[in-house]
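First the structure, in the form of structure tokens, and then the observations on it.
Just so you know, all these numbers are worked out from the coordinates, no wet-lab data involved. The shown structure was predicted, so the numbers you read here are calculated from the model rather than taken from an experiment. Quick reminder, even Gly has a Cβ in these numbers, built from the backbone with ideal geometry, and neighbours come from all protein chains shown.
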Amino acid sequence: MKIVFDLGHPAHVHYFRNIIQYLKSKNHQVIVFARDKEVTHQLLEAYKIPYTSRGAGNTSALGKFLYMLKMDWFFFRKLRKEKVDLFVGFASPYAAQTAWLLGCKSITIDDTDQAHISHQFYKHFTTQILTPAVFDKDLGVKHERFNSFMELSYLHPKYFTPDKDIYQILGIEANTPYALIRFVSWQANHDWGHGGMSPEIKQTLVDLLSKKYRVFISAEGSLSEEFQKYKLKIPVHKMHDVLAGASLYVGEGATMASECAMLGIPAVYVNSLSSGTLRKQAEYGLLYEFGNTNGLVDFVTELIANEGLSELHTKRKETFLSEHIDPNKFLIEYIEKKVV
């Protein structure tokens with residue numbers, strides 16, 4: 001069978017790479033399209049997954065709409081003679097709309113319940129919508145939930161073993177405690193109208209964490225001059241090894257915060273945009289949410305003073321894993337059911 005995947009973000013590579021490898025092992029033909037966003041292409045190359053680039057996209061509202069029309073034509077022109085059986089995308093309007101134009105089935109997976117604009121552009125065209133059970137929004141009769149989180153598709157212990165050489169990769173002595181700070185660019189559709197940390201708060205956090213940890217900063221886009229010396233410089237496919245070895249994460253990025261939660265790494269998420277996924281992880285005590293920076297510095301100060309923090313989060317992670325399914329198993333069965 002012939003299955004098309006559309007990947008619009010580096011996280012999507014991780015969500016689907018184990019599924020893609022499985023489908024190929026079962027002799028399904030897999031075609032991958034990928035947006036040129038951040039390290040998406042580099043990740044696909046690192047995991048040896050062939051792909052076709054669909055360009056870099058756009059950041060303005062009008063630009064995003066025009067890009068969608070352009071991509072619909074791009075996909076249609078590329079695939080109209082391919083006899084595709086199924087399209088799979090993560091909140092991808094292009095996959096859903098092209099499948100509809102070609103008369104194919106499509107599965108749209110999503111976990112960002114606040115991305116209201118995105119929902120409107122795929123839900124009317126896709127065959128099926130799959131989301132984690134904690135997804136807050138009801139997307140109608142096509143919507144089905146599953147009891148897991150997308151981050152477990154690549155961070156579940158069944159699929160992920162941290163690299164013990166991560167300290168060498170980071171250029172620090174073995175067992176040196178380190179913290180990771182993440183800044184986002186605020187250009188995604190679901191980021192509009194939301195915010196995170198001011199430059200002053202960022203500097204205060206760097207100064208605070210530097211007293212106890214080696215600090216590394218990961219950022220979307222450019223990093224201002226005062227933070228350049230903290231810039232994280234690693235092979236792109238080693239990011240999760242870095243997260244797994246960290247003592248603490250503080251950041252505006254929801255994906256990394258959620259990934260740390262799944263790894264049992266204390267994560268402080270600072271962003272006015274929340275989601276059902278993040279709130280559920282917070283309920284388990286795996287993640288700490290701040291809609292603004294009020295009280296943030298005092299909280300982080302108390303948090304890093306807790307000498308039993310790592311052990312506590314490890315126990316919470318184990319409880320969480322015991323109560324949720326392997327998303328890959330569910331999604332593979334669902335895909336094969338739709339294709340066969």
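Some notes on this structure:
- Tilt relative to the chain, helix 10-25 - C-alpha long axis, 0 to 90 degrees, to 10: 50
- In degrees, nearest ten, helix 254-263 long axis to first principal axis of the chain (Cα): 70
- Under 5 Å from the amide H of Lys105 lie the amide H atoms of Phe87, each residue being 5 or more positions distant or on a separate chain, with H modelled from the backbone and absent for Pro and chain starts.
- Formal net charge of residues neighbouring Gly308 (Cβ-Cβ distance under 14 Å; K, R +1; D, E -1): -1
- Note on the chain: GNM, Cα springs under 10 Å; of Asp36, Asp113, Asp163, the largest mean-square fluctuation is that of Asp163.
- Residue order for Phe146, Phe33, fewest other beta carbons within 10 angstrom first, comes to Phe146, Phe33.
- Ignoring lysines fewer than eight residues from Lys202 along the same chain, the ones with Cα atoms less than 17 angstrom from its Cα are Lys211, Lys212, Lys229, Lys231.
- Principal semi-axes in Å for segment 79-168 [√(5λ), Cα gyration tensor, largest first]: 29, 18, 11
- Ellipticity estimate at 222 nm from DSSP helix runs (n ≥ 4, -39,500 (n - 2.57)) divided over the chain, nearest 500: -12000 deg cm²/dmol
- Compactness of segment 166-322 - radius of gyration and Dmax, Cα, Å: 14.7, 44
- In this simple spin-label model, placing a label point 7 Å from the Cα along the Cα-to-Cβ direction at both Arg279 and Lys48 gives a separation of 4.4 nm.
- A full extension of the chain between Gln128 and Gln168 corresponds to an added length of 9.9 nm, given 0.36 nm per residue minus the alpha carbon distance.
- Cβ-derived FRET efficiency at R0 30 Å, Leu312 paired with Lys231, nearest 0.05: 0.50
- Here the Debye sum runs over all C-alpha atoms of segment 1-160 as equal scatterers in vacuum, and log10 of I(q)/I(0) at q = 0.09, 0.14, 0.17, 0.18 Å⁻¹ comes out as -0.27, -0.69, -1.07, -1.21.
- Bridging of Lys2 to aspartates and glutamates at a Cα separation below 14 Å is possible for Glu82, Asp85, Glu336, once same-chain residues fewer than 8 apart are set aside.
- As a proxy for reagent exposure, ranking Cys104, Cys260 by other Cβ atoms within 10 Å from fewest up yields Cys104, Cys260.
- With the simple spin-label model, which puts each label point 7 Å out from Cα in the Cβ direction, the Lys2 to Asp326 separation comes to 3.1 nm.
- Translational diffusion of the chain, estimated by Stokes-Einstein from the Kirkwood radius over alpha carbon pairs at 4 °C in a medium of 1.567 mPa s, is 62 µm² per second.
- Among the listed pairs Lys37/Lys238; Lys142/Lys317; Lys105/Lys142; Lys48/Lys158; Lys83/Lys329, those whose Cα-Cα separation exceeds 22 Å are Lys142/Lys317; Lys83/Lys329.
- Percentage relative contact order, the chain, counting C-alpha pairs under 8 Å, at least six apart: 15
- Peptides 7-17, 228-238, 200-210 ranked from most to least packed by the mean count of surrounding Cβ atoms within 10 Å: 7-17, 200-210, 228-238.
- 0 to 90° range, to nearest 10: angle between helix 327-339 axis and the chain longest Cα axis: 10
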